[in-house]
Amino acid sequence: MAKSYHSAAPRQIRHARPQANVSALPVAPRLAYIAGMNSSPKPVHVVGGGLAGSEAAWQIAEAGVPVVLHEMRPVRQTAAHKTDRLAELVCSNSFRSDDAALNAVGLAHEEMRRAGSLIMAAGDAHQLPAGSALAVDREGFAASVTMRLEAHPLVTIERGEVGGLPPAAWDSVIVATGPLTSPALAEAVGALTGEDALAFFDAIAPIVHFDSIDMDVCWFQSRYDKAGPGGTGADYVNCPLDEDCYNAFVDALLAGDKTEFREWEGTPYFDGCLPIEVMAERGRETLRHGPMKPVGLTNPHAPDVKPHAVVQLRQDNALGTLFNMVGFQTKLKYGAQAEVFRMIPGLETAEFARLGGIHRNAYLNSPVLLDGQLRLKADPRLRFAGQVTGVEGYIESAAIGLMAGRFAAAERLGRVPVPPPPTTAFGALLGHITGGHLVVGTGSGGPRSFQPMNVNFGLFPPVEGWRKPGRMTKRQRAEAKKRSITSRALADIDAWLGVTRAAAE
Ligand SMILES: Cc1cc2nc3c(=O)[nH]c(=O)nc-3n(C[C@H](O)[C@H](O)[C@H](O)COP(=O)(O)OP(=O)(O)OC[C@H]3O[C@@H](n4cnc5c(N)ncnc54)[C@H](O)[C@@H]3O)c2cc1C
């Protein structure tokens, strides 16, 4: 007997109500929907309702194509998710910099907003103060994504694990099951491709109840008082450490009891998310130059004393009752975490709403396995999206979901999917995972050196015409170059969106 794709009977099945809410759709999807009333296009199936899957489902539905979104939670949980909400943020609540002119992830935010992203709309609606970063209230954010998908007339949500390769009847599928893809599906994909998944370790930082922080010791301030888009210039809680305290803290970190993963020995850490103990092992000063750097801050309780190191906490929910420890991902065992973190001045009586943890993150060797439209070469009805393709981060994952959704919808509507220009953040990310991060000019790098990556300016083609007459400092040159890259990207993304919009009309 053929194996069912669902490992357990799916729960909470919500069927689309084809007649309802159609007037709420934008014009082009509404016309596509009405035109298709008698021959409604077959649905696209999206497996995984995380950052990428939720964005993909939204883009497909907004294009006028029905979509079935399969999410295994709460029937089956992952090792890191805690709720049944779609687009749950597993660790930090930050989408990182929101500066579209000078930062590559800020540019990705803006491209997504222009492409009608659900993730960015929900993020903007649930923004919290965080200096120049876009931080979000994780509860409100995930609730908003869930509600908007549930309310969309072309979206059906099925709760249940897809515990093997999707059935042959699903002729267009986006697999967006993330770094913690359930083992049954991961094994089935491995058997189909003949390749083991690549992997790295990722870690989670603890969250503290604000009312357990001693504000007679700590103070509110953003580094250099930067206000940023939704901030006040005083958005972070700062805990000061003097030299003795810092040294005692580093010693305790090094001695603390840690989780070991012997069966995965040799698996690397993602460099942007190193556990603090691993940083401390690299040298006594490393933390002081990383998450504990004391720069741009003045302690109002002792303005003349420069702290030797500072721990920062960022608001985690709209109520302001929870704060997360910035950059404090850890693999210390739970008992050791509470003990070691309570050595930090101001956190002596800290109560933890969540402790840190570490998980193995699996991803595909995408440059070998996927084509330029994110389709599996071995079975092109399957597209992949999100972190499982080898991008890193909430925004990067959602951006790949956005592209996969648009490609699948275009294909379903009989159009040839047009990839975004390589000069855009979208194109740069797509190039990284399907082109294999070739090192320009050397011919080296390529698929074998494939590593997960955040979006960054190194992934963009070189830009010309940024030099200004007269002498420029190093900093002015770097800034002018970034501004040229981002203004070229935004012009090119507008042109791409215009072409895809025209094709839909
Ligand atoms: C421990 C850890 C810490 C991290 N910290 C950060 C951070 O601080 N900042 C950051 O930007 N990124 C962080 N990441 C990366 C983060 O996971 C991604 O940025 C983002 O969540 C990836 O989005 P996604 O949609 O690809 O996967 P996810 O958001 O994980 O979504 C995948 C979804 O698929 C579902 N699923 C899995 N298997 C199946 C199946 N067989 N059938 C049906 N549903 C299935 C899961 O339940 C989940 O809802 C972290 C990852 C881990 C593991």
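Reported count of residues in segment 190-206, each being more than 10 Å from the ligand (Cβ to nearest atom), open to solvent by 10 Å² or more (accessible area, probe 1.4 Å) and either within 21 Å of A309 (Cα to Cα) or of a type outside the set (G, A, S) (or both), is 5.
Checking each residue in segment 390-410 for being under 15 Å from A425 (Cβ atoms), more than 10 Å from the ligand (Cβ to nearest atom) and aromatic (F, W, Y) picks out no residue at all.
Any residue at all in segment 487-497 that's among the basic types (K, R), farther than 30 Å from S172 by Cα and at pLDDT below 90? Within segment 487-497 (the criterion being among the basic types (K, R), farther than 30 Å from S172 by Cα and at pLDDT below 90), the answer is no, since none of the residues qualifies. So which residues in segment 356-368 are within 18 Å of M403 (Cα to Cα) and either open to solvent by 20 Å² or more (accessible area, probe 1.4 Å) or of a type in the set (S, T, N, Q) (or both), if there are any at all? Across segment 356-368, the qualifying residue is only S366. Among the residues of segment 106-128, is any in contact with a Gly (Cβ under 7 Å, 6 or more places away or on another chain) and surrounded by fewer than 23 Cβ atoms within 10 Å (Cβ to Cβ)? Yes. From the list A80, A24, A35, the lone residue that is modelled with pLDDT under 95 and closer than 22 Å to I358 by Cβ is A80.
In the set (1) free of Cβ contacts under 8 Å to residues at least 24 places away in the same chain; (2) open to solvent by less than 30 Å² (accessible area, probe 1.4 Å), the condition left unmet by Q476 is number (2).
Beta carbons closer than 8 Å, at least 6 apart along the sequence or on distinct chains, pair a first residue in segment 165-189 that is within 19 Å of M403 (Cα to Cα) and modelled with pLDDT under 95 with a second that is assigned to a helix (DSSP H, G or I) and within 11 Å of the ligand (Cβ to nearest atom) for P179/Q387; P179/V388.
The sole residue among S97, S54 that is more than 18 Å from P417 (Cα to Cα) and either more than 10 Å from the ligand (Cβ to nearest atom) or open to solvent by 10 Å² or more (accessible area, probe 1.4 Å) (or both) is S97.
Against the conditions (1) within 13 Å of the ligand (Cβ to nearest atom); (2) farther than 21 Å from Q387 by Cβ; (3) open to solvent by less than 10 Å² (accessible area, probe 1.4 Å), V145 satisfies every one except (2). Filtered by the rule that a residue be open to solvent by less than 10 Å² (accessible area, probe 1.4 Å) and either in contact with a Cys (Cβ under 9 Å, 6 or more places away or on another chain) or at positive phi (or both), segment 394-438 gives a lone residue, G436. Inspection of segment 61-83 finds no residue satisfying the criterion of being away from the ligand (no atom under 13 Å from the Cβ), at negative phi, open to solvent by 30 Å² or more (accessible area, probe 1.4 Å) and in contact with a Leu (Cβ under 6 Å, 6 or more places away or on another chain).
The values are calculated or read from the model by the stated rules, or taken from the named source; none is laboratory data. Source: prediction; values computed, not measured. Virtual Cβ from ideal backbone geometry, glycine too; neighbours counted across all protein chains shown. We work out accessible area using only protein heavy atoms, side chains counted, and drop any ligands, DNA or RNA first. Shrake-Rupley method; radii C 1.70, N 1.55, O 1.52, S 1.80 Å.
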